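Before any comments, here is the structure.
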């Protein structure tokens, strides 16, 4: 399922900061997001469309300033894109259902995946409970 809205519809749904990060591929300031130090059991969902992205049991403190996860909750909900902005080559991650920018994934995470999803808090909502 692909969710498509006009730019105006996204602007009406989101705060200016949410829009800047999720729809314009911005980033929030490090160490500032509400989910950075969050440690309750539950699930993290896409702010724009509600798609399940991560379970709290895959969250870890990478010390990078953004919520970090070593695995996605479901294999088809996150899309990877090569990002060559800012003179770097990185892998951007987006919601596969609404194309919201979430953050980036790096190959320096813990086992069992060895990956670190570095995600903007402002792009996610949290639902307590879920898979624990």
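The values are calculated or read from the model by the stated rules, or taken from the named source; none is laboratory data. Computed from a predicted model, the values in this text were never measured in an experiment. Cβ atoms come from the backbone with ideal geometry, glycine included; neighbour counts cover every protein chain shown.
For region 65-98, a residue qualifies if it is loosely packed, with under 15 Cβ neighbours inside 10 Å and in a loop (DSSP other than H, G, I, E, B), and the qualifying residues are 74, 75, 76, 84, 88, 89.
Only residues that are over 16 Å from residue 93 (Cα atoms) and in contact (Cβ under 8 Å) with a residue 60 or more places away in the chain were counted across region 19-30, and they come to 0. Being touching a residue at least 12 places away in the same chain (Cβ under 8 Å), assigned to a strand (DSSP E or B) and on the phi > 0 side of the Ramachandran plot, is that true of even one residue in region 39-47? Among the residues of region 39-47, at least one is touching a residue at least 12 places away in the same chain (Cβ under 8 Å), assigned to a strand (DSSP E or B) and on the phi > 0 side of the Ramachandran plot, which makes the answer yes. Looking only at region 31-49, which residues are closer than 18 Å to residue 93 by Cβ and modelled with pLDDT of 95 or more? Residues satisfying the conditions are 43, 44, 45, 46, 47, 48, 49. Residues in region 99-115 that are crowded, with 16+ Cβ neighbours inside 10 Å and assigned to a loop (DSSP other than H, G, I, E, B): 99, 100, 109, 115.
Evaluated against (1) out of contact with any helix residue (DSSP H, G or I) (no Cβ under 8 Å at 6 or more places or on another chain); (2) part of a loop (DSSP other than H, G, I, E, B); (3) closer than 24 Å to residue 107 by Cβ, residue 28 falls short on exactly one condition, (1).
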